[in-house]
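One structure is given below, encoded as structure tokens.
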Amino acid sequence: AVTGIAGPGGAVPGKPVGTVWFGLARRGRPVRALRHVFPGDRTAVRAATVAEALRLLGEAA
């Protein structure tokens, strides 16, 4: 699962633009929740989010 604030709006104290949470669950493995804060504009945050999600999925395989 992925959720976050890509911008340009939506930031609140403690949750700046670029904040993205990743959740991974797989049978027989611990559930993982990871928070990242990616720099850049909306396009950069979305691209970094996709890259990180794919990396995490590859790592979990």
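Some values worked out for this structure:
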read-out	value
Long-range neighbours under 9 Å by Cβ, at least six apart or interchain, first residue at negative phi within the range 37-54, second in a helix (DSSP H, G or I) and of a type in the set (Asp, Glu)	38/52
Residues of the range 34-61 classified as open to solvent by 80 Å² or more (accessible area, probe 1.4 Å), at pLDDT 95 or above and either aliphatic (A, V, I, L, M) or part of a strand (DSSP E or B) (or both), total	3
Count of the range 11-32 residues which are polar (S, T, N, Q) and over 11 Å from the mean Cα position of the chain (by Cα)	0
Residues that are assigned to a strand (DSSP E or B) and either at pLDDT below 95 or open to solvent by less than 40 Å² (accessible area, probe 1.4 Å) (or both), drawn from the range 16-33	19, 20, 22, 23, 24
Candidate set: the range 3-15, residues that are open to solvent by 50 Å² or more (accessible area, probe 1.4 Å) and touching a residue at least 12 places away in the same chain (Cβ under 8 Å); chosen: the one nearest to residue 57 (Cα to Cα)	3
Per-region count, the range 16-45, residues small (Gly, Ala, Ser) and over 26 Å from residue 60 (Cα atoms)	1
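The values are calculated or read from the model by the stated rules, or taken from the named source; none is laboratory data. This structure is a prediction, so every number in the text was calculated from the model and none was measured. We place every Cβ from the backbone using ideal geometry, glycine too, and count neighbours over all the protein chains shown. In case anyone asks, the SASA skips ligands and DNA or RNA and just uses the protein heavy atoms, side chains included. Shrake-Rupley method; radii C 1.70, N 1.55, O 1.52, S 1.80 Å.
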